Ligand SMILES: [Mg+2]
């Protein structure tokens, strides 16, 4: 059970993961959570670093797709300025959204990676979908109330993860 929460990689910030690193690991598409992974709730336009990273991925031909549990209308509005493709009603921590997006691209499980800031939804969903995952630190500390509940549970999972996998640590990038 515990293994299902374990991220493949833990990277402080997704911006330090370059297209070259992704390609070196056979990754051809990046799936990502939106809230607190790509953008902060109080800055829906995203930071210059995010836009720079998005441009690098685009140049490298690696699609970035938002995997969200929100409705189509809400996600569409949230990604309006970022102009990213998305999968709504993904039912994280279940695998549906990730698998649907992956099949749409015609990619195998080892060719996509799921990025997110939450063990209870993003990392678990990646595991259910059989794809590798990157846990990132949340962009800002304050969460929406729905996330607060998950964060509470997350504390217990973290404690067990650290006990069972003492080598787990935050990396600078995928090669660290
Ligand atoms: Mg999030």
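Enumerate the helices (runs of 4 or more DSSP H) found wholly within segment 25-110, keeping only those where 1 or more residues are more than 14 Å from the chain's Cα centre (by Cα) and closer than 16 Å to residue 130 by Cβ. Show your work before the answer.
Details: elements: 48-59, 72-78, 96-105.
Those helices (runs of 4 or more DSSP H) span 96-105.
Quick one: how many residues across segment 118-154 are within 9 Å of the ligand (Cβ to nearest atom), in a loop (DSSP other than H, G, I, E, B) and at pLDDT 95 or above?
The number of residues fulfilling the criteria is 0.
With the condition kept exactly as written, say whether any residue in segment 102-116 is touching a helix residue (DSSP H, G or I) at 6+ places or on another chain (Cβ under 7 Å) and within 11 Å of the ligand (Cβ to nearest atom).
For segment 102-116, residues touching a helix residue (DSSP H, G or I) at 6+ places or on another chain (Cβ under 7 Å) and within 11 Å of the ligand (Cβ to nearest atom): present.
Only residues that are part of a loop (DSSP other than H, G, I, E, B) and surrounded by 20 or more Cβ atoms within 10 Å (Cβ to Cβ): list them for segment 7-24, please. Spell out how you get there, then give the answer.
If we filter segment 7-24 for residues that are part of a loop (DSSP other than H, G, I, E, B), which is where we start, we get 7-8, 12-13, 17-18.
Passing the criteria: 7, 17.
The values are calculated or read from the model by the stated rules, or taken from the named source; none is laboratory data. What you see is a predicted model; the values in this text were computed from it and never measured. In this analysis, Cβ positions are derived from the backbone assuming ideal geometry, glycine residues included, and neighbour counts consider all displayed protein chains.
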